[in-house]
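What follows is a single structure, written as structure tokens, with notes after it.
The values are calculated or read from the model by the stated rules, or taken from the named source; none is laboratory data. Keep in mind that what you see is a predicted model, and the values were worked out from it rather than measured. With ideal geometry, Cβ positions are generated from the backbone for all residues, glycine too; neighbour counts draw on all protein chains shown. Remember, those area values only see protein heavy atoms, side chains included, never the ligands or the DNA or RNA. Shrake-Rupley method; radii C 1.70, N 1.55, O 1.52, S 1.80 Å.
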Amino acid sequence: MEVVILGGSRQIGRLAADAIEELVTRKPEAVLGLATGSSPLPVYEELAARHAAGLDFSRVSGFALDEYVGLPEGHAESYRNVIRREFTDRINIDPANVHSPEGSATDIPAACAAYESAITAAGGVDLQLLGVGTDGHIGFNEPGSSFASRTRIKSLIERTRRDNARFFNSLAEVPHHVITQGLGTIMDARHVILIATGAQKAQAVRDFVEGPVAAICPASVLQFHPHATVLVDEAAASALKLADFYRHTYDNKPSWQGL
Ligand SMILES: N[C@@H]1[C@@H](O)[C@H](O)[C@@H](COP(=O)(O)O)O[C@@H]1O
């Protein structure tokens, strides 16, 4: 796991965008794993600007990490809509190649299995963007999720519902159920970039980067990933025991900048 400590969201957005630009230039039919939440927004902002300057996404596909179950079709906070609004509508990706779990499916297990098959049929995820929840979740894999899990329905813990209530009118509107790619699904991505900013993420970052690999902290499974990059600002890095070591080792440069 490479930990890169940066000055702020703009720098993080630029670095992650560098990795994605390098990927889609080398492999125009690349498959991106797309995350919601506020953490990846600077990356999407930067990629929209690079698209305006000519970066081509016409052959790229995207797979969202997760989705709420039971939101009405077209709800502004359904992750399908959030991904479109924040990112894919701002670039020239083919909308038919942007996939999300089917939160309104009548047969949810079948929809989850179909989602896994679609990822496999597309050739697997080349680069997965991730945020992290304050409880250490990735996607919506809450504490206790199996490290071998695949796309499935999950229940949200109250802390996550409260954290996400800011996107809704009230806590009561936040769904209790979600569909999320499993930890096993996420681990199949060829490169994972996790972004965490702000002091409220410091404990989760410390736990998954330097704590034991344990289901109580789902993001800790990334310690087993062969190519996981963690981009954090100073506040999110503030509880890391080895912060100075990461600064010296990586010299604030991730591997795609020639480590
Ligand atoms: N399902 C999403 C996660 O994918 C995201 O990482 C997390 C953190 O969000 P934020 O980046 O807004 O802190 O929120 C949600 O729970």
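A compact table of results
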item: Residue check, residue 38 open to solvent by 10 Å² or more (accessible area, probe 1.4 Å), closer than 24 Å to residue 209 by Cβ, at pLDDT 95 or above and within 14 Å of the ligand (Cβ to nearest atom); result: no
item: Any hit, region 94-103, residues being away from the ligand (no atom under 15 Å from the Cβ), in contact with a helix residue (DSSP H, G or I) (Cβ under 9 Å, 6 or more places away or on another chain), open to solvent by 20 Å² or more (accessible area, probe 1.4 Å) and of a type in the set (D, E, K, R); result: yes
item: Residue within region 194-204 that is closer than 25 Å to residue 16 by Cα, hydrophobic (A, V, I, L, M, F, W, C) and open to solvent by 20 Å² or more (accessible area, probe 1.4 Å) present; result: yes
item: Single condition residue 240 does not satisfy, out of (1) away from the ligand (no atom under 14 Å from the Cβ); (2) assigned to a helix (DSSP H, G or I); (3) aliphatic (A, V, I, L, M); result: (2)
item: Criterion (open to solvent by 50 Å² or more (accessible area, probe 1.4 Å) and on the phi < 0 side of the Ramachandran plot) met by exactly one of 21, 67; result: 21
item: Region 109-132: number of residues that are within 13 Å of the ligand (Cβ to nearest atom) and either on the phi > 0 side of the Ramachandran plot or small (Gly, Ala, Ser) (or both); result: 1
item: Criterion violated by residue 73 - all others in (1) within 16 Å of the ligand (Cβ to nearest atom); (2) at pLDDT below 95 satisfied; result: (1)
item: Qualifying residues in region 135-165 (those that are open to solvent by 60 Å² or more (accessible area, probe 1.4 Å) and in contact with a Ser or Thr (Cβ under 8 Å, 6 or more places away or on another chain)) - the one modelled with the highest pLDDT; result: 150
item: Residues located in region 133-164, provided they are without any contact (Cβ under 8 Å) to a residue 60 or more places away in the chain, among the hydrophobic types (A, V, I, L, M, F, W, C) and within 11 Å of the ligand (Cβ to nearest atom); result: 156, 157
